[in-house]
1. With unit charges on the beta carbon (Lys/Arg positive, Asp/Glu negative), name the residue among B:Y220, B:Y283, B:A294 whose Cα is farthest towards the positive pole of the charge dipole of segment B:21-318.
2. In segment B:161-286, with Lys and Arg counted as +1 and Asp and Glu as -1 at Cβ, which of these residues, B:V164, B:T272, B:L262, has the Cα nearest the positive end of the dipole, that is, farthest along it?
3. Just how much of B:V242 is accessible, in Å², when a 1.4 Å probe is used and the result is rounded to the nearest 10?
4. Tell me, what is the 1.4 Å probe accessible area of B:L89, in Å² to the nearest 10?
5. Mind checking the dipole of chain A: about its Cα centre, +1 per Lys or Arg Cβ, -1 per Asp or Glu Cβ, Debye to the nearest 20?
6. Only Cα pairs under 8 Å and at least 6 apart count here; give the relative contact order of segment B:21-318 as a rounded whole percent.
7. Which percentage, to the nearest 5, of the DSSP beta bridges contained in the protein assembly as shown is antiparallel?
8. Given a cut-off of under 8 Å on Cα pairs at least six residues apart, what relative contact order in percent is computed for chain A?
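The values are calculated or read from the model by the stated rules, or taken from the named source; none is laboratory data. Bear in mind that the values here come from a model prediction, so they are computed numbers and not experimental data. Don't worry about glycine lacking a Cβ; one is built from the backbone with ideal geometry, like all the others, and counts go over all protein chains shown. All accessible areas refer to the heavy atoms of the entire protein, side chains included, with ligands and DNA or RNA removed. Shrake-Rupley method; radii C 1.70, N 1.55, O 1.52, S 1.80 Å.
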Amino acid sequence: MLLSAQNISKAFGSFLAVRGADLAVAEGEIIGLIGPNGAGKSTFFNCLAGDTVPTTGRVLFDGIDVTRASAEAHARAGIGRTFQVPATFEDMTVLENVMVGAFLRHHHRGAARETALRIVEMTGLTRQSAQRARSLGTPGRKRLEIARVLATGPRLMLLDEALAGLTPTELQQAIALVRRIHELGITLVIVEHIMEVIMTLAQRVLVFNQGHVIAHGKPREVVANEAVIEAYLGRGHRRRRREAS
Amino acid sequence: MKWSLPALAALLLFYPFILTGPFYWDIGVAFLLAAISASAWNIVGGYAGQVSVGHSMFFGVGAYTPLLFYHLWGLPPVAGVPAGMLVSLALAVAIGMPTFRLQGHYFSMATIAVAELIRIFVGTWDLVGAAIGLQGPAVGRAWWDLTFRSELPYYYIFLAVLAVVLYTTFEVERSRFGYYLRAIKAGERAARSLGVPVRATKLKALMLSAVFTSVAGSLYSIKTGFIDPESGFGILVSVQMVIVAALGGAATLFGPLIGALLLVPLQTATNTWFGGGGSGLTYILYGGIIVLLARFEPGGMHEWWQHVAPRLMRRSHAA
(Lines give C-alpha, C1' and ligand atoms only; values in the text may rest on other atoms or scores of the structure.)
Protein backbone atom coordinates (compact mmCIF):
# COMPACT_ATOMS: atom_id res chain seq x y z
CA MET A 1 0.00 0.00 0.00
CA LEU A 2 1.23 3.49 -0.79
CA LEU A 3 -0.76 5.13 2.01
CA SER A 4 -2.20 3.42 5.02
CA ALA A 5 -4.09 5.24 7.76
CA GLN A 6 -4.93 2.99 10.68
CA ASN A 7 -7.48 3.65 13.40
CA ILE A 8 -7.24 7.46 13.09
CA SER A 9 -9.04 9.49 15.74
CA LYS A 10 -8.83 13.21 16.36
CA ALA A 11 -10.25 14.96 19.39
CA PHE A 12 -10.63 18.72 19.85
CA GLY A 13 -11.17 18.98 23.59
CA SER A 14 -14.08 16.65 24.37
CA PHE A 15 -15.30 16.67 20.75
CA LEU A 16 -14.25 13.68 18.65
CA ALA A 17 -14.06 14.88 15.03
CA VAL A 18 -12.75 11.57 13.65
CA ARG A 19 -13.36 8.22 15.33
CA GLY A 20 -11.20 5.26 14.40
CA ALA A 21 -11.09 5.80 10.62
CA ASP A 22 -9.05 3.49 8.37
CA LEU A 23 -7.90 4.02 4.81
CA ALA A 24 -5.60 2.04 2.56
CA VAL A 25 -4.62 3.45 -0.81
CA ALA A 26 -2.74 1.42 -3.40
CA GLU A 27 -0.33 3.08 -5.83
CA GLY A 28 -2.22 4.47 -8.86
CA GLU A 29 -5.67 4.50 -7.23
CA ILE A 30 -8.18 7.36 -7.09
CA ILE A 31 -10.06 7.40 -3.80
CA GLY A 32 -13.00 9.68 -3.05
CA LEU A 33 -13.88 10.91 0.46
CA ILE A 34 -17.44 12.15 0.81
CA GLY A 35 -19.82 13.00 3.61
CA PRO A 36 -22.12 15.77 4.81
CA ASN A 37 -20.68 19.00 6.24
CA GLY A 38 -19.01 18.48 9.60
CA ALA A 39 -18.64 14.72 9.00
CA GLY A 40 -14.91 14.80 9.84
CA LYS A 41 -13.50 14.25 6.36
CA SER A 42 -11.45 17.47 6.33
CA THR A 43 -9.95 16.68 9.73
CA PHE A 44 -9.11 13.17 8.54
CA PHE A 45 -7.66 14.70 5.37
CA ASN A 46 -5.51 17.09 7.46
CA CYS A 47 -4.20 14.10 9.43
CA LEU A 48 -3.11 12.47 6.15
CA ALA A 49 -1.45 15.71 4.96
CA GLY A 50 0.56 16.27 8.15
CA ASP A 51 -1.35 19.42 9.01
CA THR A 52 -2.89 17.85 12.11
CA VAL A 53 -1.43 15.18 14.37
CA PRO A 54 -4.08 12.51 15.10
CA THR A 55 -4.93 11.80 18.73
CA THR A 56 -4.68 8.06 18.12
CA GLY A 57 -3.71 5.85 15.19
CA ARG A 58 -0.93 6.08 12.67
CA VAL A 59 -0.30 7.04 9.06
CA LEU A 60 2.18 5.07 6.95
CA PHE A 61 3.41 6.34 3.59
CA ASP A 62 5.32 3.83 1.52
CA GLY A 63 5.89 1.84 4.72
CA ILE A 64 7.31 4.79 6.68
CA ASP A 65 5.50 6.17 9.71
CA VAL A 66 4.65 9.84 8.98
CA THR A 67 2.01 10.28 11.72
CA ARG A 68 3.93 12.98 13.58
CA ALA A 69 5.97 14.28 10.65
CA SER A 70 5.56 17.96 9.72
CA ALA A 71 3.72 19.16 6.63
CA GLU A 72 7.14 19.99 5.05
CA ALA A 73 8.29 16.40 5.66
CA HIS A 74 5.09 15.12 4.04
CA ALA A 75 5.82 17.23 0.95
CA ARG A 76 9.42 15.99 0.83
CA ALA A 77 8.20 12.39 1.15
CA GLY A 78 5.93 12.91 -1.88
CA ILE A 79 2.53 13.82 -0.38
CA GLY A 80 1.08 17.00 -1.89
CA ARG A 81 -2.16 18.71 -0.92
CA THR A 82 -4.48 21.48 -2.04
CA PHE A 83 -6.64 23.61 0.26
CA GLN A 84 -10.42 23.88 0.38
CA VAL A 85 -10.09 27.69 0.24
CA PRO A 86 -7.29 28.29 -2.30
CA ALA A 87 -4.18 29.48 -0.45
CA THR A 88 -2.32 30.95 -3.43
CA PHE A 89 0.54 33.39 -2.82
CA GLU A 90 -1.39 36.47 -3.86
CA ASP A 91 1.43 38.93 -4.60
CA MET A 92 3.48 36.43 -6.58
CA THR A 93 2.84 35.68 -10.24
CA VAL A 94 1.34 32.39 -11.36
CA LEU A 95 4.74 31.17 -12.55
CA GLU A 96 6.43 32.22 -9.28
CA ASN A 97 3.73 30.37 -7.29
CA VAL A 98 4.48 27.19 -9.22
CA MET A 99 8.24 27.77 -8.89
CA VAL A 100 7.90 27.70 -5.08
CA GLY A 101 6.65 24.13 -5.47
CA ALA A 102 9.30 23.25 -8.05
CA PHE A 103 12.11 24.42 -5.75
CA LEU A 104 11.44 21.38 -3.55
CA ARG A 105 13.17 19.10 -6.08
CA HIS A 106 15.27 21.67 -7.97
CA HIS A 107 17.60 23.92 -6.00
CA HIS A 108 18.60 26.06 -8.98
CA ARG A 109 16.36 28.75 -10.34
CA GLY A 110 16.75 27.72 -13.98
CA ALA A 111 15.72 24.11 -13.40
CA ALA A 112 12.82 25.15 -11.14
CA ARG A 113 11.62 27.62 -13.77
CA GLU A 114 11.78 25.02 -16.51
CA THR A 115 9.70 22.55 -14.47
CA ALA A 116 7.25 25.30 -13.52
CA LEU A 117 6.81 26.37 -17.16
CA ARG A 118 6.06 22.79 -18.17
CA ILE A 119 3.47 22.41 -15.42
CA VAL A 120 1.92 25.80 -16.10
CA GLU A 121 1.39 24.67 -19.69
CA MET A 122 -0.03 21.32 -18.64
CA THR A 123 -2.54 22.96 -16.30
CA GLY A 124 -3.62 25.51 -18.90
CA LEU A 125 -2.22 28.56 -17.13
CA THR A 126 0.35 29.69 -19.71
CA ARG A 127 -1.61 32.79 -20.70
CA GLN A 128 -1.84 33.94 -17.06
CA SER A 129 1.70 32.93 -16.05
CA ALA A 130 2.93 36.52 -15.65
CA GLN A 131 -0.19 37.68 -13.79
CA ARG A 132 -0.31 37.99 -10.03
CA ALA A 133 -2.28 35.20 -8.37
CA ARG A 134 -4.65 37.77 -6.86
CA SER A 135 -5.94 38.61 -10.35
CA LEU A 136 -7.18 35.06 -11.02
CA GLY A 137 -10.78 33.97 -10.65
CA THR A 138 -11.89 30.82 -8.80
CA PRO A 139 -11.13 28.36 -11.65
CA GLY A 140 -7.67 29.87 -12.16
CA ARG A 141 -6.87 29.69 -8.45
CA LYS A 142 -7.99 26.08 -8.22
CA ARG A 143 -5.79 25.20 -11.19
CA LEU A 144 -2.88 27.12 -9.70
CA GLU A 145 -3.18 25.19 -6.44
CA ILE A 146 -3.06 21.92 -8.38
CA ALA A 147 -0.13 23.17 -10.51
CA ARG A 148 1.85 24.22 -7.44
CA VAL A 149 1.45 20.80 -5.85
CA LEU A 150 2.29 19.04 -9.12
CA ALA A 151 5.54 20.99 -9.24
CA THR A 152 6.65 19.37 -5.97
CA GLY A 153 6.78 16.03 -7.81
CA PRO A 154 4.28 14.17 -5.59
CA ARG A 155 3.52 10.47 -5.63
CA LEU A 156 0.24 11.09 -3.81
CA MET A 157 -2.00 14.15 -4.23
CA LEU A 158 -4.68 15.04 -1.71
CA LEU A 159 -7.27 17.30 -3.36
CA ASP A 160 -9.54 19.10 -0.89
CA GLU A 161 -12.62 20.22 -2.83
CA ALA A 162 -10.31 21.32 -5.62
CA LEU A 163 -13.16 21.28 -8.12
CA ALA A 164 -15.82 23.08 -6.08
CA GLY A 165 -17.30 26.37 -7.31
CA LEU A 166 -16.70 25.71 -11.02
CA THR A 167 -19.20 26.13 -13.87
CA PRO A 168 -20.22 22.91 -15.72
CA THR A 169 -17.74 23.64 -18.55
CA GLU A 170 -14.90 24.44 -16.13
CA LEU A 171 -15.77 21.30 -14.18
CA GLN A 172 -15.35 19.11 -17.27
CA GLN A 173 -11.98 20.74 -17.99
CA ALA A 174 -10.93 20.21 -14.38
CA ILE A 175 -11.99 16.55 -14.48
CA ALA A 176 -9.90 16.13 -17.64
CA LEU A 177 -6.93 17.72 -15.84
CA VAL A 178 -7.29 15.34 -12.88
CA ARG A 179 -7.36 12.44 -15.35
CA ARG A 180 -4.13 13.68 -16.96
CA ILE A 181 -2.51 13.90 -13.52
CA HIS A 182 -3.59 10.33 -12.80
CA GLU A 183 -2.12 9.21 -16.13
CA LEU A 184 1.23 10.53 -14.91
CA GLY A 185 1.11 7.77 -12.31
CA ILE A 186 0.10 9.98 -9.40
CA THR A 187 -2.21 8.46 -6.80
CA LEU A 188 -5.14 10.67 -5.80
CA VAL A 189 -7.31 11.10 -2.71
CA ILE A 190 -10.17 13.49 -3.42
CA VAL A 191 -12.48 15.14 -0.90
CA GLU A 192 -15.44 16.38 -2.89
CA HIS A 193 -19.08 17.36 -2.50
CA ILE A 194 -19.82 17.21 -6.21
CA MET A 195 -21.06 13.67 -6.83
CA GLU A 196 -20.36 13.97 -10.56
CA VAL A 197 -16.65 14.23 -9.78
CA ILE A 198 -16.70 11.27 -7.43
CA MET A 199 -18.78 9.10 -9.76
CA THR A 200 -16.58 9.96 -12.74
CA LEU A 201 -13.14 9.78 -11.19
CA ALA A 202 -13.07 7.69 -8.03
CA GLN A 203 -12.40 3.97 -8.12
CA ARG A 204 -13.33 3.58 -4.46
CA VAL A 205 -15.25 5.84 -2.11
CA LEU A 206 -15.21 6.30 1.67
CA VAL A 207 -18.22 7.94 3.28
CA PHE A 208 -17.84 9.85 6.53
CA ASN A 209 -20.60 10.73 8.96
CA GLN A 210 -20.19 12.09 12.49
CA GLY A 211 -16.51 11.13 12.51
CA HIS A 212 -17.09 7.51 11.45
CA VAL A 213 -16.50 5.81 8.13
CA ILE A 214 -20.05 4.58 7.51
CA ALA A 215 -19.51 3.00 4.10
CA HIS A 216 -16.82 2.19 1.59
CA GLY A 217 -16.74 0.54 -1.78
CA LYS A 218 -17.25 1.28 -5.45
CA PRO A 219 -19.06 4.58 -6.19
CA ARG A 220 -22.25 2.91 -7.54
CA GLU A 221 -22.50 0.63 -4.48
CA VAL A 222 -21.91 3.46 -2.04
CA VAL A 223 -24.55 5.83 -3.44
CA ALA A 224 -27.13 3.05 -3.16
CA ASN A 225 -26.16 2.32 0.46
CA GLU A 226 -29.03 3.02 2.85
CA ALA A 227 -26.76 4.40 5.61
CA VAL A 228 -25.23 6.86 3.14
CA ILE A 229 -28.61 8.07 1.88
CA GLU A 230 -29.74 8.51 5.47
CA ALA A 231 -26.58 10.47 6.34
CA TYR A 232 -27.27 12.92 3.54
CA LEU A 233 -31.06 13.11 3.62
CA GLY A 234 -31.84 12.29 7.25
CA ARG A 235 -34.00 9.60 8.88
CA GLY A 236 -37.45 9.06 7.44
CA HIS A 237 -36.51 10.21 3.95
CA ARG A 238 -38.36 7.28 2.34
CA ARG A 239 -41.55 8.14 4.24
CA ARG A 240 -41.22 11.82 3.27
CA ARG A 241 -40.67 10.86 -0.36
CA ARG A 242 -43.79 8.61 -0.31
CA GLU A 243 -45.83 11.37 1.28
CA ALA A 244 -44.61 13.88 -1.27
CA SER A 245 -45.53 11.61 -4.17
CA MET B 1 13.65 51.82 -17.57
CA LYS B 2 16.86 49.99 -18.50
CA TRP B 3 18.82 53.19 -17.82
CA SER B 4 17.31 53.72 -14.36
CA LEU B 5 19.84 51.50 -12.54
CA PRO B 6 23.01 53.01 -14.13
CA ALA B 7 21.46 56.48 -13.65
CA LEU B 8 20.83 55.79 -9.95
CA ALA B 9 24.36 54.41 -9.51
CA ALA B 10 25.86 57.48 -11.25
CA LEU B 11 23.72 59.83 -9.16
CA LEU B 12 24.84 58.21 -5.90
CA LEU B 13 28.46 58.11 -7.06
CA PHE B 14 28.61 61.76 -8.10
CA TYR B 15 26.21 63.20 -5.50
CA PRO B 16 29.03 64.79 -3.43
CA PHE B 17 30.18 66.64 -6.54
CA ILE B 18 26.66 67.71 -7.53
CA LEU B 19 25.71 69.04 -4.09
CA THR B 20 28.95 70.15 -2.51
CA GLY B 21 29.67 71.14 1.08
CA PRO B 22 29.52 69.48 4.52
CA PHE B 23 25.79 70.12 4.97
CA TYR B 24 24.79 68.17 1.85
CA TRP B 25 27.43 65.52 2.44
CA ASP B 26 26.08 65.01 5.95
CA ILE B 27 22.58 64.51 4.54
CA GLY B 28 24.07 62.08 2.00
CA VAL B 29 25.72 60.02 4.75
CA ALA B 30 22.51 60.02 6.83
CA PHE B 31 20.56 58.91 3.73
CA LEU B 32 22.98 56.03 3.09
CA LEU B 33 22.90 54.89 6.72
CA ALA B 34 19.07 54.92 6.72
CA ALA B 35 19.05 53.05 3.40
CA ILE B 36 21.52 50.39 4.65
CA SER B 37 19.59 49.83 7.91
CA ALA B 38 16.19 49.69 6.17
CA SER B 39 17.53 47.39 3.41
CA ALA B 40 18.90 45.07 6.10
CA TRP B 41 15.54 45.12 7.93
CA ASN B 42 13.76 44.55 4.60
CA ILE B 43 15.20 41.03 4.25
CA VAL B 44 13.27 39.72 7.24
CA GLY B 45 10.61 42.43 7.71
CA GLY B 46 9.79 43.02 4.06
CA TYR B 47 10.44 39.82 2.10
CA ALA B 48 9.60 37.35 4.88
CA GLY B 49 6.88 39.59 6.37
CA GLN B 50 8.22 39.14 9.91
CA VAL B 51 7.80 42.72 11.13
CA SER B 52 10.54 43.12 13.71
CA VAL B 53 10.29 46.34 15.70
CA GLY B 54 13.34 45.38 17.73
CA HIS B 55 16.09 45.57 15.13
CA SER B 56 17.81 48.21 17.25
CA MET B 57 19.22 45.26 19.24
CA PHE B 58 21.43 44.34 16.27
CA PHE B 59 22.16 47.96 15.41
CA GLY B 60 23.17 48.60 19.02
CA VAL B 61 25.40 45.53 19.23
CA GLY B 62 27.10 46.59 16.00
CA ALA B 63 27.48 50.13 17.28
CA TYR B 64 28.85 49.24 20.73
CA THR B 65 31.35 46.52 19.76
CA PRO B 66 33.82 48.70 17.77
CA LEU B 67 33.95 51.35 20.50
CA LEU B 68 34.23 48.65 23.17
CA PHE B 69 37.27 47.22 21.35
CA TYR B 70 38.84 50.68 21.44
CA HIS B 71 37.76 51.35 25.03
CA LEU B 72 39.02 48.03 26.46
CA TRP B 73 42.07 47.24 24.39
CA GLY B 74 42.87 50.41 22.44
CA LEU B 75 42.26 48.58 19.17
CA PRO B 76 41.04 50.48 16.09
CA PRO B 77 37.21 50.51 16.24
CA VAL B 78 36.96 48.84 12.84
CA ALA B 79 38.48 45.68 14.42
CA GLY B 80 35.29 45.30 16.44
CA VAL B 81 33.03 45.16 13.36
CA PRO B 82 33.37 41.39 12.73
CA ALA B 83 32.86 40.73 16.46
CA GLY B 84 29.67 42.83 16.34
CA MET B 85 28.49 40.78 13.36
CA LEU B 86 29.15 37.52 15.22
CA VAL B 87 27.39 38.66 18.39
CA SER B 88 24.41 39.84 16.31
CA LEU B 89 24.33 36.50 14.54
CA ALA B 90 24.26 34.66 17.87
CA LEU B 91 21.61 37.07 19.17
CA ALA B 92 19.49 36.47 16.04
CA VAL B 93 19.59 32.71 16.66
CA ALA B 94 18.81 33.11 20.37
CA ILE B 95 15.92 35.52 19.69
CA GLY B 96 14.64 33.89 16.51
CA MET B 97 14.30 30.35 17.87
CA PRO B 98 11.61 31.21 20.44
CA THR B 99 9.99 34.26 18.81
CA PHE B 100 9.39 32.64 15.41
CA ARG B 101 6.83 30.44 17.14
CA LEU B 102 4.80 33.64 17.35
CA GLN B 103 3.07 35.24 14.37
CA GLY B 104 1.94 38.69 13.29
CA HIS B 105 1.64 41.30 16.01
CA TYR B 106 2.80 38.89 18.69
CA PHE B 107 6.15 38.53 16.96
CA SER B 108 6.47 42.31 16.62
CA MET B 109 5.66 42.84 20.30
CA ALA B 110 8.16 40.17 21.36
CA THR B 111 10.94 41.88 19.38
CA ILE B 112 10.12 45.26 20.99
CA ALA B 113 10.24 43.65 24.44
CA VAL B 114 13.64 42.00 23.83
CA ALA B 115 15.16 45.19 22.38
CA GLU B 116 13.91 47.26 25.30
CA LEU B 117 15.27 44.74 27.82
CA ILE B 118 18.68 44.90 26.15
CA ARG B 119 18.56 48.72 26.14
CA ILE B 120 17.78 48.82 29.87
CA PHE B 121 20.48 46.23 30.62
CA VAL B 122 23.13 48.09 28.60
CA GLY B 123 22.11 51.34 30.34
CA THR B 124 23.10 49.87 33.70
CA TRP B 125 26.18 47.87 32.63
CA ASP B 126 29.37 49.66 33.68
CA LEU B 127 31.64 47.75 31.30
CA VAL B 128 29.91 49.41 28.33
CA GLY B 129 29.69 52.84 29.96
CA ALA B 130 26.17 52.35 31.42
CA ALA B 131 23.88 55.33 30.70
CA ILE B 132 26.78 57.53 29.56
CA GLY B 133 27.89 55.25 26.75
CA LEU B 134 31.25 54.86 25.02
CA GLN B 135 33.55 57.13 23.03
CA GLY B 136 35.88 56.36 20.17
CA PRO B 137 39.30 57.95 19.52
CA ALA B 138 38.93 61.75 19.65
CA VAL B 139 41.82 62.15 17.20
CA GLY B 140 42.72 59.42 14.75
CA ARG B 141 46.03 57.68 15.53
CA ALA B 142 46.25 56.36 11.98
CA TRP B 143 43.98 55.99 8.95
CA TRP B 144 42.61 52.70 10.26
CA ASP B 145 40.90 54.53 13.13
CA LEU B 146 38.63 55.92 10.38
CA THR B 147 38.33 59.33 12.01
CA PHE B 148 38.09 61.72 9.08
CA ARG B 149 37.49 65.45 9.28
CA SER B 150 35.50 65.43 6.08
CA GLU B 151 32.23 63.58 5.52
CA LEU B 152 33.36 62.56 2.06
CA PRO B 153 35.32 59.37 2.96
CA TYR B 154 32.40 58.22 5.10
CA TYR B 155 30.05 58.83 2.20
CA TYR B 156 31.98 56.44 -0.05
CA ILE B 157 32.51 53.81 2.68
CA PHE B 158 28.75 53.84 3.39
CA LEU B 159 27.98 53.73 -0.33
CA ALA B 160 30.19 50.65 -0.78
CA VAL B 161 28.38 48.90 2.11
CA LEU B 162 24.99 49.85 0.61
CA ALA B 163 26.09 48.36 -2.72
CA VAL B 164 26.97 45.07 -0.96
CA VAL B 165 23.62 44.99 0.89
CA LEU B 166 21.65 45.73 -2.29
CA TYR B 167 23.57 43.17 -4.33
CA THR B 168 22.98 40.52 -1.64
CA THR B 169 19.28 41.41 -1.55
CA PHE B 170 19.14 41.20 -5.35
CA GLU B 171 20.67 37.71 -5.24
CA VAL B 172 18.33 36.68 -2.41
CA GLU B 173 15.32 37.90 -4.44
CA ARG B 174 16.23 35.62 -7.35
CA SER B 175 17.19 32.56 -5.31
CA ARG B 176 15.15 29.70 -3.86
CA PHE B 177 15.62 31.34 -0.46
CA GLY B 178 13.98 34.56 -1.75
CA TYR B 179 11.02 32.69 -3.24
CA TYR B 180 10.58 30.85 0.04
CA LEU B 181 10.61 34.13 2.00
CA ARG B 182 7.85 35.58 -0.17
CA ALA B 183 5.85 32.36 0.07
CA ILE B 184 6.12 32.43 3.88
CA LYS B 185 4.94 36.03 3.91
CA ALA B 186 1.93 35.13 1.76
CA GLY B 187 0.89 32.09 3.79
CA GLU B 188 2.92 29.90 6.12
CA ARG B 189 0.53 26.96 6.03
CA ALA B 190 0.50 26.80 2.23
CA ALA B 191 4.28 27.28 2.10
CA ARG B 192 4.77 24.41 4.53
CA SER B 193 2.56 22.15 2.41
CA LEU B 194 4.92 22.75 -0.54
CA GLY B 195 7.91 21.63 1.50
CA VAL B 196 9.17 25.07 2.55
CA PRO B 197 11.11 24.72 5.84
CA VAL B 198 9.36 27.73 7.35
CA ARG B 199 11.17 28.19 10.66
CA ALA B 200 14.64 27.51 9.27
CA THR B 201 14.05 29.96 6.40
CA LYS B 202 12.80 32.69 8.73
CA LEU B 203 15.78 32.14 11.02
CA LYS B 204 18.22 32.35 8.10
CA ALA B 205 16.59 35.61 7.00
CA LEU B 206 16.85 37.05 10.50
CA MET B 207 20.52 36.07 10.71
CA LEU B 208 21.35 37.74 7.40
CA SER B 209 19.33 40.81 8.33
CA ALA B 210 20.99 40.99 11.77
CA VAL B 211 24.50 40.89 10.29
CA PHE B 212 23.82 43.79 7.92
CA THR B 213 22.01 45.78 10.63
CA SER B 214 25.01 45.25 12.87
CA VAL B 215 27.31 46.63 10.15
CA ALA B 216 25.03 49.69 9.89
CA GLY B 217 25.38 50.21 13.65
CA SER B 218 29.17 49.88 13.42
CA LEU B 219 29.33 52.46 10.62
CA TYR B 220 27.24 54.83 12.72
CA SER B 221 29.37 54.61 15.85
CA ILE B 222 32.70 54.70 13.96
CA LYS B 223 31.57 57.85 12.15
CA THR B 224 30.11 59.67 15.17
CA GLY B 225 32.78 58.36 17.59
CA PHE B 226 30.18 58.00 20.31
CA ILE B 227 27.37 55.67 21.32
CA ASP B 228 24.88 55.58 24.21
CA PRO B 229 21.95 53.23 24.97
CA GLU B 230 19.34 55.50 23.34
CA SER B 231 21.17 56.11 20.05
CA GLY B 232 22.17 52.42 19.79
CA PHE B 233 19.26 50.45 21.23
CA GLY B 234 16.46 53.06 21.38
CA ILE B 235 13.08 52.18 19.90
CA LEU B 236 13.30 55.07 17.44
CA VAL B 237 16.22 53.31 15.76
CA SER B 238 13.99 50.29 15.08
CA VAL B 239 10.98 52.38 14.10
CA GLN B 240 13.04 54.38 11.63
CA MET B 241 14.07 51.18 9.80
CA VAL B 242 10.44 50.05 9.58
CA ILE B 243 9.18 53.47 8.43
CA VAL B 244 11.89 53.94 5.80
CA ALA B 245 11.26 50.49 4.29
CA ALA B 246 7.45 50.80 4.47
CA LEU B 247 7.45 54.33 3.06
CA GLY B 248 9.51 53.36 0.04
CA GLY B 249 8.03 49.89 -0.37
CA ALA B 250 8.81 46.88 1.79
CA ALA B 251 9.82 43.64 0.00
CA THR B 252 11.21 45.60 -2.95
CA LEU B 253 14.89 46.06 -3.76
CA PHE B 254 14.87 49.84 -4.05
CA GLY B 255 11.96 50.57 -1.68
CA PRO B 256 14.25 51.33 1.31
CA LEU B 257 16.28 53.70 -0.89
CA ILE B 258 13.16 55.60 -1.93
CA GLY B 259 12.00 55.71 1.70
CA ALA B 260 15.37 57.05 2.88
CA LEU B 261 15.39 59.58 0.05
CA LEU B 262 12.05 60.96 1.28
CA LEU B 263 12.45 60.63 5.04
CA VAL B 264 16.02 61.83 5.66
CA PRO B 265 15.67 65.25 3.97
CA LEU B 266 12.28 65.62 5.70
CA GLN B 267 13.86 64.90 9.08
CA THR B 268 16.72 67.29 8.36
CA ALA B 269 14.26 70.00 7.35
CA THR B 270 12.14 69.63 10.50
CA ASN B 271 15.28 69.59 12.68
CA THR B 272 16.51 72.77 10.94
CA TRP B 273 13.17 74.56 11.25
CA PHE B 274 12.41 73.66 14.84
CA GLY B 275 15.90 73.13 16.27
CA GLY B 276 15.97 71.85 19.86
CA GLY B 277 12.34 72.90 20.40
CA GLY B 278 11.14 70.07 18.16
CA SER B 279 12.68 67.14 20.00
CA GLY B 280 9.41 65.18 20.06
CA LEU B 281 8.67 66.02 16.43
CA THR B 282 10.30 62.86 15.09
CA TYR B 283 7.65 60.76 16.86
CA ILE B 284 4.88 62.92 15.37
CA LEU B 285 6.47 62.67 11.93
CA TYR B 286 6.75 58.87 12.15
CA GLY B 287 3.20 58.56 13.49
CA GLY B 288 1.86 60.74 10.67
CA ILE B 289 3.66 58.67 8.04
CA ILE B 290 2.27 55.42 9.50
CA VAL B 291 -1.29 56.81 9.42
CA LEU B 292 -0.93 58.10 5.85
CA LEU B 293 0.59 54.83 4.61
CA ALA B 294 -2.05 52.69 6.29
CA ARG B 295 -4.86 54.88 4.88
CA PHE B 296 -3.69 55.57 1.32
CA GLU B 297 -0.88 53.28 0.17
CA PRO B 298 0.10 50.33 2.41
CA GLY B 299 2.49 49.15 -0.31
CA GLY B 300 4.54 52.35 -0.04
CA MET B 301 5.77 54.72 -2.75
CA HIS B 302 7.03 51.85 -4.94
CA GLU B 303 3.52 50.40 -5.18
CA TRP B 304 2.05 53.88 -5.71
CA TRP B 305 4.42 54.40 -8.63
CA GLN B 306 3.38 51.04 -10.10
CA HIS B 307 -0.22 52.36 -10.19
CA VAL B 308 0.65 55.84 -11.42
CA ALA B 309 3.33 55.11 -14.04
CA PRO B 310 1.09 53.23 -16.52
CA ARG B 311 -1.50 56.03 -16.32
CA LEU B 312 1.15 58.67 -17.00
CA MET B 313 2.47 56.60 -19.91
CA ARG B 314 -1.03 56.28 -21.40
CA ARG B 315 -1.61 60.02 -21.03
CA SER B 316 1.70 60.92 -22.67
CA HIS B 317 0.95 58.50 -25.56
CA ALA B 318 -2.54 59.99 -25.97
CA ALA B 319 -1.08 63.49 -26.08
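1. Projecting each Cα onto the dipole axis, the largest value belongs to B:A294.
2. B:V164
3. 30
4. Probe radius 1.4 Å; accessible area of B:L89 about 50 Å².
5. Charge dipole of chain A: 340 debye, to the nearest 20.
6. On the way: 469 pairs, mean separation 99.9, N = 298.
Computed value for segment B:21-318: 34 percent relative contact order.
7. The antiparallel proportion sits near 60 percent.
8. Details: 462 pairs, mean separation 61.0, N = 245.
Averaging sequence separation for qualifying contacts and normalising by length gives 25 percent for chain A.
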